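Trainee: My questions all concern the structure below.
The values are calculated or read from the model by the stated rules, or taken from the named source; none is laboratory data. Small disclaimer: the values here were computed from a predicted structure and weren't measured. Note that we place each Cβ from the backbone using ideal geometry, even for glycine, and neighbour counts take in every protein chain shown. Surface accessibility is based on the protein's heavy atoms, side chains included, excluding ligands, DNA and RNA. Shrake-Rupley method; radii C 1.70, N 1.55, O 1.52, S 1.80 Å.
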Amino acid sequence: MKQVRPKKNLGQHFLTDLNIASAIADTVDACPDIPVLEVGPGMGVLTQFLAKKPRPLRVVEIDRESVAYLKETLFRENESPIIEGDFLRMDLHQLFDGQPFVLTGNYPYDISSQIFFKMLDNKDLIPCCTGMIQREVAQRMEAKPGTKAYGILSVLIQAWYDVEYLFTVDEYVFDPPPKVKSAVIRMTRNKVQDLGCDEKLFRRVVKTVFNQRRKMLRVSLRQLFTKDTMPDSSFFEKDIMTKRPEQLTIPQFVELTNEIALSSKE
């Protein structure tokens, strides 16, 4: 069977280096004894190594040509673990009868952030997430306060996961080669079970202030309020209001979220 043609509209860059594929597959071993879900297997270069591990495996692929290729080459004699569909639209609780699982893949660059937001929405199901993404996104995910890379992904993911930047991958091991370098990451659920604030409001606060990251909090936070809910001027005179979002730690974002919840007029 002929090889799958990489499709630009799906952000497909097929990994061709088997040693790197094997190394990515081994990242799931940090969370042993639970099933694995691979997103976007393409021609199965990573899948073939995941399939050798003694644990249940399912793969989600939206590209019909890739699905046909995998069925013909990798899963011909076995019960197919392929789910044809859009990962972003799936109910993840139905995949392994509600069991927790490891999420992994060579993620399409253009939807990697959306994949991780879905991971956060299902964090109780996903104790570990690994895989390969654009290096710049990986750097944002692991960034610390006070750095240029620190932003929305940094705060929202690190609130619930410990992030490890494992290694960098060069462009030439892909077909077609991307214009940027890639990186392999691993995220493991931390011990936080409750942020100590309204989680939806926490997300709104983080996204709102980082969307105007060059402005002080006393300016950007006003967007969260209507004329009727705007707090007294004393709220915007607090010391923290002179800071910019990249200066705040996660506990400070939690504290800020609680102050907003208390200060907003009913």
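Trainee: Can you tell me the FRET efficiency between residue 147 and residue 242 if r is taken as the Cβ-Cβ distance and R0 is 22 Å, rounded to the nearest 0.05?
Mentor: It comes to 0.70.
Trainee: How far apart, in nm, are two points set 7 Å out from the Cα along the Cα-to-Cβ line at residue 261 and at residue 16?
Mentor: 5.2 nm
Trainee: Taking only protein heavy atoms and a 1.4 Å probe, what accessible area per residue, in Å², does the chain have with all protein chains in place?
Mentor: Solvent-accessible surface per residue comes out at 51 Å².
Trainee: Rounded to the nearest 500, what is the 222 nm mean residue ellipticity of the chain from helices alone, with -39500 (n - 2.57) per DSSP H run of 4+ residues and division by all residues?
Mentor: Value at 222 nm, helices only: -8000 deg cm²/dmol.
Trainee: Here's a follow-up. For residue 172, what is the net charge nearby, where nearby means another residue's Cβ is under 14 Å from its Cβ and Lys, Arg count +1, Asp, Glu -1?
Mentor: -2
Trainee: In whole Å, what three semi-axes, largest first, describe the equivalent ellipsoid of the stretch 6-116 built from its Cα gyration tensor (square root of 5 times each eigenvalue)?
Mentor: 19, 17, 15
Trainee: For the stretch 204-265, place one equal point scatterer on every Cα, skip the solvent, and apply the Debye formula. What is log10 of I(q)/I(0) at q = 0.14, 0.15, 0.16 Å⁻¹?
Mentor: -0.33, -0.38, -0.44
Trainee: A further question follows. How high is the relative contact order of the stretch 76-174, in percent, counting Cα pairs under 8 Å that sit 6 or more residues apart?
Mentor: Result for the stretch 76-174 is 22 percent.
Trainee: If you roll a 1.4 Å probe over the stretch 166-266 with all protein chains in place, what percent of the accessible area is carbon or sulfur?
Mentor: Carbon with sulfur: 48 percent of the solvent-accessible area.
Trainee: Please work out how much accessible surface residue 52 shows to a 1.4 Å probe, ignoring ligands, DNA and RNA, in Å² rounded to 10.
Mentor: It works out to around 150 Å².
Trainee: Rounded to the nearest percent, how much of the accessible area of the stretch 60-157 (1.4 Å probe, protein heavy atoms only) is carbon and sulfur?
Mentor: On the stretch 60-157, the fraction of accessible area on carbon and sulfur atoms equals 43 percent.
Trainee: Hey, what angle do you get for helix 250-263 against the long axis of the chain, alpha-carbon based, 0 to 90 degrees rounded to 10?
Mentor: 50 degrees
Trainee: Which of the lysines could a cross-linker span from residue 179 if the Cα-Cα distance has to be under 21 Å and same-chain partners fewer than 8 positions apart are dropped?
Mentor: Qualifying lysines at Cα under 21 Å: 7, 8.
Trainee: Got a sec to turn the phi values of the stretch 149-157 into Karplus ³J(HN,Hα) couplings, 6.51 cos²θ - 1.76 cosθ + 1.60 with θ = phi - 60°, whole Hz, x for Gly and Pro?
Mentor: Ordered by residue, 3J(HN,Hα) equals 6, 5, x, 4, 4, 4, 6, 5, 6 Hz.
Trainee: Which ³J(HN,Hα) values, rounded to whole Hz and listed in residue order, are derived for the stretch 26-40 from phi using the Karplus coefficients 6.51, -1.76 and 1.60 in 6.51 cos²θ - 1.76 cosθ + 1.60 with θ = phi - 60°, glycine and proline given as x?
Mentor: Each residue of the stretch 26-40 in turn: 6, 5, 6, 5, 5, 10, x, 6, 10, x, 10, 10, 9, 9, x Hz.
Trainee: On full extension of the chain, what length is gained from residue 89 through residue 229, given 0.36 nm per residue of separation minus the C-alpha to C-alpha distance?
Mentor: Extending this stretch completely gives an extra 46.9 nm.
Trainee: For residue 117 and residue 71, calculate 0.36 nm times their separation in residues minus their Cα-Cα distance, and state this gained length in nm to one decimal.
Mentor: Net length gain for the segment: 13.6 nm.
Trainee: List the trypsin sites (Lys or Arg not before Pro) within the stretch 152-248 that fall in a DSSP loop (any state other than H, G, I, E or B) and whose Cβ has at most 11 other Cβ atoms within 10 Å. Kindly include the intermediate steps, with their values, before the conclusion.
Mentor: Numbers: sites: 179, 181, 186, 189, 191, 200, 203, 204, 207, 213, 214, 215, 218, 222, 227, 238, 243; in loops: 179, 181, 191, 213, 214, 215, 227, 238, 243.
Answer by residue number: 179, 191, 214, 227.
Trainee: Among 91, 33, 162, whose mean-square fluctuation peaks in a Gaussian network model of the chain (Cα, cutoff 10 Å)?
Mentor: Comparing 91, 33, 162 in a Gaussian network model of the chain, the most mobile one is 91.
Trainee: Can I ask one more? Add +1 for every Lys or Arg and -1 for every Asp or Glu among the other residues with Cβ under 14 Å from the Cβ of residue 244, and state the total. Can you show the working numbers first?
Mentor: Numbers: positive: 148, 213, 214, 215, 218, 243; negative: 239, 246.
Result for the local shell: +4.
Trainee: Still on this structure, please answer the following. Any idea how far apart residue 53 and residue 171 come out in nm if each label point goes 7 Å out from Cα toward Cβ?
Mentor: That separation, rounded to one decimal, is 3.1 nm.
Trainee: Could you give each residue of the stretch 209-214 its phi-based ³J(HN,Hα) in whole Hz, using Karplus coefficients 6.51, -1.76, 1.60 with θ = phi - 60°, and x for Gly or Pro?
Mentor: Using θ = phi - 60°, the values come out as 6, 6, 6, 10, 5, 7 Hz.
Trainee: With all distinct Cα pairs included, what does the Kirkwood hydrodynamic radius of the stretch 141-247 come out to in Å, to one decimal, could you say?
Mentor: When all Cα pairs of the stretch 141-247 are included, the Kirkwood radius is 16.3 Å.
Trainee: Please grab the % of Cα pairs in the chain that end up more than 34 Å from each other.
Mentor: Numbers: 9402 of 35245 pairs.
For the chain, the share of Cα pairs beyond 34 Å comes to 27 percent.
Trainee: Got the relative contact order for the chain handy, in percent, Cα pairs under 8 Å and 6 or more residues apart?
Mentor: So the answer I get is 16 percent.
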